[in-house]
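Okay, so here's the structure we're looking at.
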Amino acid sequence: MKRKILSALTVLSLSAALGGTIAAPSYAVRPPTPPVTFQFTSTPVAFSAGPNGTLSSWLGIPGESSTETSPAFLSSSGGMAAGTSPSEAALANGETVVAFQGSNGDLWTWEGFPGSTGTGASTGLGMAKGTSPSIIFDPGGDAFVAFQANTGALWTWLGAPGSVGFGASTGLNMAAGTSPSTGELESQTQAVAFQGSNGDLSTWRGFPGSTGIGGSTGIGMAKGTSPSVVIFDGTTAVVAFQANTGTLWNWEGDPATVGIGTNTELGMASGTSPSVTNGVTGGAAAIAFQGSNGDLSTWIGDTGGSTGPHASTGLAMASGTSPSIAALPSGKAAVAFQNDFGALFTWTGNAATVGVGASTGCTSGEGECLGGGLGMAVGTSPSIAAEIAPHGFSLTAKGNVLAQLRKPRTLVLLVYPTPKPPAQHLTLLGRVALGHHPAGLSQITWGLRVHGHRLGAGHYLAELEARIGSALTTGGPTVHFDVRKSGKLTIVAQSCPARATAATVC
């Protein structure tokens with residue numbers, strides 16, 4: 001079976017977006033009819049590999065097996081604390097950032113391309129034994145992390161992945177053995193859902209590294225379980241959790257308020273936690289969870305009052321483990337989980353359907369093979385993050401931006417000078433705010449100005465930055481263009497996102 005890998009680009013010309021032909025992945029273009037290019041990549045998964053407990057990453061197509069040397073990419077970096085799980089965020093440049101509890105008990109962060117050892121470092125901040133952090137990434141270059149410190153308090157951390165960064169206590173205590181979940185609100189503030197020391201679902205909001213403000217929802221959670229949060233429209237938090245009745249609940253509201261909780265009346269396996277995402281077709285939110293029968297199940301619906309439909313996938317999960325869910329550009333969901341043989345599995349489909357599941361595959365030299373897949377450490381859970389390219393992008397000869405958007409987005413243009421070989425480092429010239437634009441094709445006036453000054457003659461790269469749900473991400477692909485002494489713009493080529501281009505991984 002054929003597999004897509006990170007360097008494989010699906011490129012649609014503007015005519016293709018309107019029903020025309022498919023263009024080649026990288027090509028020369030003559031204005032004034034530049035194509036609008038889309039990129040779709042595979043889905044990365046971070047997990048704890050085998051009994052050695054190393055942090056490992058995998059990249060492949062969810063729900064597809066391969067008789068070749070699957071997985072598409074696998075890398076390992078650094079030891080993890082026993083019984084803990086990683087959290088990751090995907091960057092549209094092809095990299096992922098991961099937060100995890102290191103074998104020394106400290107919070108660690110890592111950044112790299114799947115298939116590489118990347119760069120990891122300890123923050124020097126101790127974590128509570130048996131707990132796991134949660135990470136999101138801000139396009140300014142920093143990661144936000146929430147975690148339970150070894151004092152039992154909820155902490156937040158801010159910094160570049162792979163750096164010491166800065167952390168601070170919120171002053172709120174967490175239930176022993178539980179882990180928080182975080183998302184980004186507007187104005188670069190952070191929202192966190194967690195089980196408070198009183199056993200209730202609680203939420204917090206504030207700037208990373210600040211005390212912020214928190215409060216209990218008044219809804220009891222199952223002992224030893226953790227919530228999952230996603231942000232809608234930059235303001236509203238939606239949380240999935242196992243209540244103290246053993247059933248799956250969802251909650252909606254502004255962080256640090258009582259909000260509205262709804263019982264889906266679906267039983268969950270004891271000691272497990274759900275995962276929630278937005279951006280799927282057919283409902284406001286989708287939830288993956290281990291049902292009371294031990295199988296992976298999914299739910300979809302509107303939160304804050306809807307019980308919603310659900311379905312079991314018929315795929316058995318390892319006892320005491322939890323799945324991770326992400327939305328794909330197609331509107332389908334992708335899930336990573338540990339199956340009942342201890343192997344890493346992925347699943348894809350419309351939420352609340354049976355869908356398709358498959359082993360990640362395993363061959364000699366790629367890691368411990370268990371049940372036909374990559375082996376995972378006992379009692380641990382993976383993290384999945386879909387790399388979504390929500391828009392197509394090109395430039396006109398006059399220096400205007402062509403944006404083909406799947407959904408209304410607030411856009412920012414990133415401009416870089418083209419690095420000279422063999423240099424691989426990108427220097428950002430600046431960000432240009434382009435405003436909010438509707439779904440479909442928009443032509444946006446730019447005029448080749450960065451920080452108020454028109455670009456001089458030279459070679460440049462440009463890509464768009466767009467809001468996806470609650471997260472900001474550079475979506476790629478990159479437009480390579482020249483500005484002549486006459487001031488005229490000529491597109492040279494279009495390829496994958498700028499940082500991946502500079503790192504020569506396209």
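Would you be able to say whether some residue in segment 71-85 is within 19 Å of E184 (Cβ to Cβ) and either modelled with pLDDT of 95 or more or not basic (K, R) (or both)?
no
Please work out if T203 is out of contact with any Gly (no Cβ under 9 Å at 6 or more places or on another chain) and hydroxyl-bearing (S, T, Y).
When the stated conditions are applied, T203 does not pass them.
Within segment 429-463, count every residue that is assigned to a strand (DSSP E or B), of a type in the set (S, T, Y) and out of contact with any Phe, Trp or Tyr (no Cβ under 7 Å at 6 or more places or on another chain).
Residues meeting the conditions: 1.
Results for (1) of a type outside the set (S, T, Y); (2) in a loop (DSSP other than H, G, I, E, B); (3) more than 17 Å from the chain's Cα centre (by Cα), shown as yes or no for each residue.
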{"site": "T170", "(1), (2), (3)": "no, no, yes"}
{"site": "T178", "(1), (2), (3)": "no, yes, yes"}
{"site": "V192", "(1), (2), (3)": "yes, no, no"}
{"site": "S202", "(1), (2), (3)": "no, no, yes"}
{"site": "P208", "(1), (2), (3)": "yes, yes, yes"}
{"site": "T211", "(1), (2), (3)": "no, yes, yes"}
{"site": "K223", "(1), (2), (3)": "yes, yes, yes"}
{"site": "A237", "(1), (2), (3)": "yes, no, no"}
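Just to be sure, is D302 acidic (D, E), free of Cβ contacts under 8 Å to residues at least 24 places away in the same chain and out of contact with any strand residue (DSSP E or B) (no Cβ under 7 Å at 6 or more places or on another chain)?
yes
Out of segment 244-284, which residues are among the hydrophobic types (A, V, I, L, M, F, W, C) and either open to solvent by less than 40 Å² (accessible area, probe 1.4 Å) or assigned to a loop (DSSP other than H, G, I, E, B) (or both)?
Going through segment 244-284, the residues among the hydrophobic types (A, V, I, L, M, F, W, C) turn out to be 248-249, 251, 256, 258, 260, 266, 268-269, 276, 280, 284.
Correct list: L248, W251, A256, V258, L266, M268, A269, V276, V280, A284.
What number of residues in segment 180-190 are part of a strand (DSSP E or B) and not β-branched (V, I, T)?
Taking segment 180-190 and keeping what is part of a strand (DSSP E or B), we get 181-184, 190.
Restricting the remaining residues to those that are not β-branched (V, I, T) gives 181, 183-184, 190.
Adding up the residues that qualify gives 4.
Pick from segment 299-309 the residues that are part of a loop (DSSP other than H, G, I, E, B) and β-branched (V, I, T): which of them is surrounded by the most Cβ atoms within 10 Å (Cβ to Cβ)?
Among those that are part of a loop (DSSP other than H, G, I, E, B) and β-branched (V, I, T), it is T303.
Against the definition (modelled with pLDDT of 95 or more, small (G, A, S) and within 27 Å of T131 (Cβ to Cβ)), how does G246 come out, yes or no?
Criteria met by G246.
Report, by residue number, each residue of segment 221-243 that is more than 22 Å from A288 (Cβ to Cβ) and open to solvent by 10 Å² or more (accessible area, probe 1.4 Å).
Within segment 221-243, D233, T235 meet the criteria.
May I ask you to verify whether L426 is modelled with pLDDT under 90 and in a strand (DSSP E or B)?
It is false that L426 is modelled with pLDDT under 90 and in a strand (DSSP E or B).
Specify the residue that is modelled with the lowest pLDDT; the eligible residues are those in segment 40-54 that are open to solvent by 10 Å² or more (accessible area, probe 1.4 Å) and under 18 Å from the mean Cα position of the chain (by Cα).
F40
Before we move on, is S312 open to solvent by 30 Å² or more (accessible area, probe 1.4 Å), assigned to a strand (DSSP E or B) and of a type outside the set (D, E, K, R)?
Yes; evaluated as a whole, the condition is true for this residue.
The values are calculated or read from the model by the stated rules, or taken from the named source; none is laboratory data. It should be emphasised that the depicted structure is a prediction, and the values quoted were computed from it without experimental measurement. Every residue, glycine among them, receives a Cβ derived from its backbone with ideal geometry; neighbour counts consider all protein chains shown. Remember, those area values only see protein heavy atoms, side chains included, never the ligands or the DNA or RNA. Shrake-Rupley method; radii C 1.70, N 1.55, O 1.52, S 1.80 Å.
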